[in-house]
Every structure is written in structure tokens, then in C-alpha cells.
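A short worksheet on the structure shown next.
The values are calculated or read from the model by the stated rules, or taken from the named source; none is laboratory data. The shown structure was predicted, so the numbers you read here are calculated from the model rather than taken from an experiment. Note: ideal-geometry Cβ built from the backbone for every residue, glycine included; neighbour counts use all protein chains shown. Accessible surface is based on the protein model in full, side chains and every heavy atom, while ligands, DNA and RNA are left aside. Shrake-Rupley method; radii C 1.70, N 1.55, O 1.52, S 1.80 Å.
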Amino acid sequence: MQAGILLAFAAYFSFAGADASLKWIGSDLPIFEIGFFVSLFALLPALFTKRPEDNWGNVFVPKRPGLLALRMLSGTLGGIGGVIAFTTLPLAEAYALIFLLPIFVTVFSRVVLKEPVGWRRWLAVFGGLIGVLLVVRPGFREILPGHFAAILVAICGAATVIILRVLGPSERRITLIGAVLVAGIVVNGVLMIPNFETPGPALWPVLLLGGVFAGMGHLLIVFATRLAPAARVAPTQYSQIVWAAVIGATFFGEYPDGLAMAGMALVGVSGLFTLVREEQRFGWPSRIPLIRNR
């Protein structure tokens, strides 16, 4: 179990590295072009997530195609939102908004699945919202498109969790991972055509690094969940806020102020509490494959 948890920390460090690569590219390339190349290069390490009993044809033979299509839609929209968020916001600030994901899971659980939600989980929802207000401070700071994009990522991730509650136990892991990556490549590939710009020599290594980091993150998560229960692995995703703060300060000169750090901590605590309550009451994430929700 300890080895699995360590691999999970390494996985989320890889995801943070991928997001930092997006930020490094910044506005040097159109959004859809960044999404296309990163998804394409991410496919390389993710190929190793295939189990011996699976074959590549399984990616395109889902047992519940309608729900898988929704999963592909939420993953693709979340990926596009992630590119916008990380290229326009400080890393730690983007993560603070994205980690509203468990809060949205609570809301969707009540609205869509009609599950009972106790007062403690509603308290966590309000705590997370207060944390976001401390980070963003509307009326005192400029609200950027990246803020809305980061919230879109959280909403798409929460939708993915709800879908996986139904879809996850019946579908192969290679289908859930491969289909989303293929959808990201196809959708971004089509949308990038009108404004395509050939990446300069300095951008190719960053695009490759971002894709490899993302693909390695998926691969390490698979190995982590083979060694430790998914419920023990899931909370390690909040280490991304730490990685983001370190990478942001080291490479981009981003230093959150005291209020922002307090808000990030409040979002993190609220999200962790919600995650624990989800596991205790409904078995998520231990009953579904643990994969990145965008």
C-alpha cells in the first residue's frame, strides 16, 4: 500500500508537470493546437495501461456507448478548459478552482442521482465556495476567462465522476482512458485547423514534455491502484496544490498572498472532507477506476 501511495504522489506530480508545460507555452499557440499535441503525445505512455486480457479494439467497443460518449464529452471539454485555465491563471489559483470538483459531485449527486446529502457535506460545499471567494476576490481583482475555464474543468470532472459511478464497473480501463484521449485528439485536431500555426523549434520539446507528463500520470495512477485501494490513493490528488505552488514560485515567479493561501487551504479541506464522505456513504472512488477526471 505504501508503494501505491508513493506512486500516486508521483502521478499527481506528473500531472502538475503537464499543467506547468501548458502554462509555459502560454499564448504562443492556439488553445486547440496545444490540446491536440498534448493529447497526442499523452497517448504514448498511456498505451502501457493495457491489461494482458485487453486488446486495442476494446477502445472502440464500449458496452454502454451512450454513457461513454458523455464521458468523452466531459473529458474533452475539461481538457480544453484546462488549457485555457493554465495558460491564463497562476497554477495554484487554477487548482484551487478545479478542486471544487468534489463540491460539484455533492451537488450533482443530489440533483441528478437524488442521493441524500447530509448537513456536513452541505457545510463542506459552503466552505469550498468561501475558499474560492478568498482566492478570486470578485470585485477586488480582475475576473479572467481562465477563472470560468477552471470552474468548467471542475464541473466536467464532477460530471465524469457521476458517469463513472454507473459506467466504471462495466467498462474496461483501456476503453475509459483510450476513448477520452482519442476524443481529445480528434476534437482538438478538427478545431485547430482554421488557425493552425506551425510550432517553433523551442515549443516542440515543451509540447512533448507536457504530453509525456500527462500520459505518465495516467500510467502511474494505474500502477498505484494495483498496489493500494483507490480510496487511499484519491486524496493524494490534493498534493497538486503543493506542486503547483512550488513550480509556480520556482519557474513563473508566482507567490500567492495570505488570503489566497487561506482560500486554497479551505478549498482543499472541504474537498478532502467531501471525498471521505463520498467513500464512506457511496463507495466512491473505491468502486470505480481512478483516472484523471479531465
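Summary table below
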| read-out | value |
| --- | --- |
| All positions within the range 249-276 that are under 18 Å from the mean Cα position of the chain (by Cα) and more than 15 Å from residue 132 (Cβ to Cβ) | 272, 275 |
| Tally of residues being open to solvent by 40 Å² or more (accessible area, probe 1.4 Å) and at pLDDT below 80 across the range 224-254 | 4 |
| Single residue of the range 118-150 satisfying the filter (within 26 Å of residue 254 (Cα to Cα), surrounded by fewer than 13 Cβ atoms within 10 Å (Cβ to Cβ) and hydrophobic (A, V, I, L, M, F, W, C)) that is modelled with the lowest pLDDT | 140 |
| Residue within the range 157-174 that is open to solvent by 30 Å² or more (accessible area, probe 1.4 Å), within 23 Å of residue 43 (Cβ to Cβ), in contact (Cβ under 8 Å) with a residue 40 or more places away in the chain and not in a helix (DSSP H, G or I) present | yes |
| Subset tally (residues that are among the hydrophobic types (A, V, I, L, M, F, W, C) and surrounded by fewer than 23 Cβ atoms within 10 Å (Cβ to Cβ)) for the range 92-113 | 6 |
| Residue in the range 108-117 that is at pLDDT 80 or above and outside any loop (DSSP other than H, G, I, E, B) present | no |
| Odd one out for residue 121, checked against (1) charged (D, E, K, R); (2) free of Cβ contacts under 8 Å to residues at least 12 places away in the same chain; (3) not in a loop (DSSP other than H, G, I, E, B) | (2) |
| Residue that is nearest to residue 36 (Cα to Cα) [pool: residues in the range 94-129 that are touching a helix residue (DSSP H, G or I) at 6+ places or on another chain (Cβ under 6 Å) and of a type outside the set (A, V, I, L, M, F, W, C)] | 95 |
| Residue 182 surrounded by fewer than 21 Cβ atoms within 10 Å (Cβ to Cβ), without any contact (Cβ under 8 Å) to a residue 60 or more places away in the chain and in a helix (DSSP H, G or I) | no |
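Results for (1) closer than 21 Å to residue 38 by Cβ; (2) among the small types (Gly, Ala, Ser), shown as yes or no for each residue.
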| site | (1), (2) |
| --- | --- |
| 183 | yes, yes |
| 191 | yes, no |
| 200 | yes, yes |
| 219 | yes, no |
| 224 | no, yes |
| 237 | yes, no |
| 246 | no, no |
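Residues are listed down the side, and each one gets a yes or a no for (1) touching a Pro at 6+ places or on another chain (Cβ under 8 Å); (2) among the acidic types (Asp, Glu); (3) modelled with pLDDT of 80 or more; (4) buried (at least 17 other Cβ atoms within 10 Å of the Cβ):
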{"residue": "257", "(1), (2), (3), (4)": "no, yes, yes, no"}
{"residue": "263", "(1), (2), (3), (4)": "no, no, yes, yes"}
{"residue": "266", "(1), (2), (3), (4)": "no, no, yes, yes"}
{"residue": "279", "(1), (2), (3), (4)": "yes, yes, no, yes"}
{"residue": "286", "(1), (2), (3), (4)": "yes, no, no, no"}
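Rundown of residues vs (1) of a type in the set (A, V, I, L, M); (2) under 30 Å from residue 29 (Cα atoms), yes/no style:
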{"position": "124", "(1), (2)": "yes, no"}
{"position": "127", "(1), (2)": "no, no"}
{"position": "137", "(1), (2)": "no, yes"}
{"position": "154", "(1), (2)": "yes, yes"}
{"position": "159", "(1), (2)": "yes, yes"}
{"position": "163", "(1), (2)": "yes, no"}
{"position": "187", "(1), (2)": "yes, yes"}
{"position": "200", "(1), (2)": "no, yes"}
